[in-house]
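Everything below concerns the one structure shown next.
Values quoted throughout were computed directly from the atomic coordinates according to the rules given, and no laboratory measurement underlies them. Remember, it's a predicted structure, so these values are computed and weren't measured experimentally. Using ideal geometry, Cβ is built from the backbone for each residue, glycine included, and neighbour counts are taken over all protein chains shown.
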Amino acid sequence: MCALFQRIEIFFRFLKRILGCRHLLSTDPVGIEIQAYCAIIACLLIARWTAKKSPERTYEMICFYFIGWAGEEELLAHIEKL
């Protein structure tokens with residue numbers, strides 16, 4: 001049972017640190033559900049795009065690209081290094 005709680009804690013830490021879901025955008029249960037689904041979909045798309053387990057830096061680069069802090073050239077150069 002303890003291992004299950006550790007996995008859940010790691011998942012929420014991933015949501016907070018990597019995907020930037022530090023705060024809920026809604027107080028409505030449906031809004032929270034939509035935000036959770038969007039975060040999970042983003043996680044799956046990142047894993048699919050990188051085609052393997054990538055280091056934390058790769059997830060950060062993809063997030064930086066989506067929020068406009070990194071350019072496409074920087075992102076592609078990072079992925080090619082993998």
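Taking H as built 1.01 Å from N, whose amide H comes closer than 5 Å to the amide H of residue 70, not counting residues under 5 places away?
Residues meeting the criterion, in which the H sits 1.01 Å from N, are 65.
What order do you get for 37, 65, 59 when you list them from fewest to most C-beta neighbours inside 10 Å?
Arranged by neighbour count, lowest to highest, 37, 65, 59 become 37, 65, 59.
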